[in-house]
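Data first, discussion second: the structure below is written as structure tokens.
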Amino acid sequence: MRLQQLITVVGAHAEGEVGRVITGGVIAPRAASMFERQQALIRDQDWLRGMLLSDPRGSVNAAVNLVTPPIAPDAEIGMIVIESDHYPAMSGSNLMCTVTAVLETGMVAMVEPVTRLIVDTPAGLVHVEAECDNGKCRRVSFRNVPAFVMHRDAAVEVSGLGTVTVDVSYGGMIYVIVDAERLGFTLARDEARALVEMGERIKLAAAEQLPSVHPENPGIHTINQTLFAGPLIERDGVKTAKNAVVVSPGRIDRSPCGTGSSARMALMHARGELGVGERFVHTSILDTEFLCGIEAETRVGGVAGVVTRVAGRAWLTGVSHYGTDPDDPFPQGYRLNDTWLAC
């Protein structure tokens, strides 16, 4: 076999969302922090994104996660999330996939019934509790980096829609949040393509018209994704809502979205809809669930915020070795707009 740049990838999904985990073949850049390491990867090793996510090796519906040694002394592992068009500072579903992969493959020692570890991410330290039984990681719960609202009830002019009222909130990524019902959506599976088309237009308009910069890290800026928020209801005494997040360049997050759940809880708290200690169940377009809640109030660079917890399940799907043949005309892949809609 003549493959070069051989990379080992563990397949996984969290409540339906594909988050593959790179466990070998990539040397992490030297850096003073995980954010600096992420920026060095973007600058010097972005071929990795094209190779593993674009056709013919990748897929529009996947993300990959690079496991690295941690930089923070308290952490057990580092994690850098790589999406099709973006390197987010944090991702909840990808964290669940990564933790499940490192525990079930033995990269990190599993402790039953609960394995506790700290993951060093570009957004900051994320504290994890993984429920484990008989060698299996059953559920991953994490205390996220602080979430906070950046814009409330802002008017955005969107091509083909006119004026749309939106909120912008941070939960590890920056989300523009819109009312799904007001825009005519029930968040059913057969609405996925229409949600993507409208969500991308809203995101582009909001990113241009609503400057959004993290108050403690100006390198985290710009609205990344659109979250369509379904109505808040009570089910068996627990507040519950559906949502659909549009991931660029044009697909629906199959999971309830971890950082999106945190961003939405920050907005709900600011509106008086969810208090500290209250449970919240966030569901996806596939009706899978993340079990969520607010643990505490906090402040981020003088801005009021909340500390959230999100829990969900992930499953391994296989192990693959990827590389490039020296004669392959597409070592960094290609994209066509039959599947990569925005290309």
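The values are calculated or read from the model by the stated rules, or taken from the named source; none is laboratory data. Bear in mind that the values here come from a model prediction, so they are computed numbers and not experimental data. As a convention, Cβ positions derive from the backbone with ideal geometry for all residues, glycine included, and neighbour counts pool all protein chains shown.
Just to check your reading of the model, which residue among ALA40, ALA63, ALA101, ALA32 is of a type in the set (A, V, I, L, M, F, W, C) and in a loop (DSSP other than H, G, I, E, B)?
Working: ALA40 fails: in a loop (DSSP other than H, G, I, E, B); ALA63 fails: in a loop (DSSP other than H, G, I, E, B); ALA101 fails: in a loop (DSSP other than H, G, I, E, B).
Answer to the selection: ALA32.
Scan segment 68-82 residue by residue and report those that are surrounded by fewer than 24 Cβ atoms within 10 Å (Cβ to Cβ) and within 25 Å of LEU291 (Cβ to Cβ). Full working, then the answer.
Going through segment 68-82, the residues surrounded by fewer than 24 Cβ atoms within 10 Å (Cβ to Cβ) turn out to be 68-78.
Within segment 68-82, ALA75, GLU76, ILE77 meet the criteria.
Does any residue of segment 172-180 turn out to be closer than 23 Å to VAL64 by Cα, modelled with pLDDT of 95 or more and in contact with a Pro (Cβ under 6 Å, 6 or more places away or on another chain)?
Narrowing segment 172-180 to residues closer than 23 Å to VAL64 by Cα: 172-175.
In the following step, the residues that additionally are modelled with pLDDT of 95 or more were identified as 172-175.
Now drop any that are not in contact with a Pro (Cβ under 6 Å, 6 or more places away or on another chain), which leaves 173.
Yes, segment 172-180 contains at least one residue that is closer than 23 Å to VAL64 by Cα, modelled with pLDDT of 95 or more and in contact with a Pro (Cβ under 6 Å, 6 or more places away or on another chain).
Would you say ALA63 is in contact (Cβ under 8 Å) with a residue 12 or more places away in the chain and over 19 Å from the mean Cα position of the chain (by Cα)? Break it down into steps so the answer makes sense when it comes.
Working: in contact (Cβ under 8 Å) with a residue 12 or more places away in the chain: yes; over 19 Å from the mean Cα position of the chain (by Cα): no.
Judged against the criteria, ALA63 is not a match.
Any idea which of (1) without any contact (Cβ under 8 Å) to a residue 60 or more places away in the chain; (2) crowded, with 20+ Cβ neighbours inside 10 Å; (3) more than 23 Å from VAL64 (Cα to Cα) is the one PRO231 doesn't satisfy?
(2)
Which condition number in (1) within 24 Å of VAL166 (Cβ to Cβ); (2) in a strand (DSSP E or B); (3) of a type in the set (Lys, Arg) is the one that ARG254 fails?
That leaves (2) as the condition not met.
Would you say THR226 is assigned to a strand (DSSP E or B) and either over 16 Å from the mean Cα position of the chain (by Cα) or on the phi < 0 side of the Ramachandran plot (or both)? Reasoning before the result, please.
Details: assigned to a strand (DSSP E or B): yes; either over 16 Å from the mean Cα position of the chain (by Cα) or on the phi < 0 side of the Ramachandran plot (or both): yes.
It is true that THR226 is assigned to a strand (DSSP E or B) and either over 16 Å from the mean Cα position of the chain (by Cα) or on the phi < 0 side of the Ramachandran plot (or both).
Quick check, is VAL81 of a type in the set (A, V, I, L, M, F, W, C), closer than 17 Å to THR259 by Cβ and in a strand (DSSP E or B)?
Details: of a type in the set (A, V, I, L, M, F, W, C): yes; closer than 17 Å to THR259 by Cβ: yes; in a strand (DSSP E or B): yes.
So VAL81 fits the description; yes.
Looking only at residues that are under 30 Å from GLN5 (Cα atoms) and among the aromatic types (Phe, Trp, Tyr) in segment 270-329, which one is surrounded by the most Cβ atoms within 10 Å (Cβ to Cβ)?
So in segment 270-329, the residues under 30 Å from GLN5 (Cα atoms) come out as 314-329.
From the residues that got through so far, the ones that are among the aromatic types (Phe, Trp, Tyr) too are 315, 322.
On the way: TRP315: 16, TYR322: 19.
Among those that are under 30 Å from GLN5 (Cα atoms) and among the aromatic types (Phe, Trp, Tyr), it is TYR322.
Is one or more of the residues making up segment 235-246 in contact with a Ser or Thr (Cβ under 9 Å, 6 or more places away or on another chain) and in a helix (DSSP H, G or I)?
No - not one qualifying residue is present in segment 235-246.
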